[in-house]
1. When you scan segment 239-247, do you find a residue that is within 20 Å of residue 147 (Cα to Cα) and part of a helix (DSSP H, G or I), even just one?
2. What do you reckon, is residue 243 closer than 18 Å to residue 114 by Cβ and either at pLDDT 95 or above or not assigned by TED's automatic domain parsing to the domain that holds residue 131 (or both)?
3. How many residues does segment 180-209 contain that are touching a strand residue (DSSP E or B) at 6+ places or on another chain (Cβ under 8 Å) and more than 21 Å from residue 226 (Cβ to Cβ)?
4. Taking only segment 214-230 into account, find how many residues are surrounded by fewer than 20 Cβ atoms within 10 Å (Cβ to Cβ) and outside any helix (DSSP H, G or I).
């Protein structure tokens with residue numbers, strides 16, 4: 001005789017999300033993959049069709065979905081963090097020893113790596129780019145006093161906590177598959193570089209299959225003028241000054257004299 005719904009519910013409530021919840025002599029099994037989560041499966045001696053049908057569209061589906069989502073999210077989150085940490089270490093190595101490093105040669109021996117906020121999934125988004133029908137020319141001054149021409153290509157809209165935010169995306173070359181998003185936020189001049197930080201988005205790398213953009217503040221970086229006066233960088237236009245703190249991405253470089 002198959003177990004009652006009450007027995008099944010009690011098993012579910014007493015099980016952690018990492019445990020299989022047993023139904024008769026079968027079990028819900030879910031094996032994580034990065035692309036998809038398997039459909040619900042029961043053992044050969046599954047509950048009678050009539051009983052399964054009576055609650056599978058609610059309870060059984062919920063159990064499968066809960067287990068799959070938690071395990072898959074944990075795996076993806078771990079993989080994403082490892083990739084981010086690996087990229088940061090590679091950048092540190094480049095900055096420390098490469099001849100094209102923006103760190104002044106006399107400072108490289110003392111360079112101990114860039115400073116970052118810990119990886120934070122709350123600052124990851126998949127966003128629509130609302131392209132401007134009239135892509136106006138915007139002239140932006142750089143730190144060397146030069147004027148650079150950019151096109152206001154489109155706008156990203158998102159929420160951080162309860163705060164509604166927008167950022168403009170620019171292009172210096174209309175044919176290039178690259179978006180440039182400079183921004184300042186409430187950390188600028190304190191924990192992060194005072195002139196702001198940048199995010200670059202590449203069409204092939206940063207688009208989802210559905211056509212949205214993977215917008216990740218964890219990838220926010222300092223312009224090279226933050227490390228040396230030998231470089232000039234565009235200032236952040238006032239329309240991209242955020243009032244909120246963005247606690248993700250690169251921090252201000254700490255030098256030994258500081």
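1. Keep residues of segment 239-247 that are within 20 Å of residue 147 (Cα to Cα), which gives 239-241.
Now restrict to residues that are part of a helix (DSSP H, G or I): 239-240.
Yes, segment 239-247 contains at least one residue that is within 20 Å of residue 147 (Cα to Cα) and part of a helix (DSSP H, G or I).
2. So residue 243 does not fit the description; no.
3. So the answer is 5.
4. Our first condition is that a residue be surrounded by fewer than 20 Cβ atoms within 10 Å (Cβ to Cβ); within segment 214-230, this holds for 214, 221, 224-225, 228-230.
Subsequent filtering for residues that are outside any helix (DSSP H, G or I) retains 214, 221, 228-230.
Of the residues in that region, 5 qualify.
This table checks each residue for (1) under 14 Å from residue 249 (Cα atoms); (2) touching a helix residue (DSSP H, G or I) at 6+ places or on another chain (Cβ under 6 Å).
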position: 183; (1), (2): yes, yes
position: 187; (1), (2): yes, no
position: 201; (1), (2): no, no
position: 222; (1), (2): yes, no
position: 225; (1), (2): no, no
position: 233; (1), (2): no, yes
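The values are calculated or read from the model by the stated rules, or taken from the named source; none is laboratory data. Everything numeric in this text was worked out from a predicted model, so none of it was measured. Neighbour counts are summed over all protein chains in view; Cβ atoms, including those assigned to glycine, are modelled from backbone coordinates with ideal geometry.
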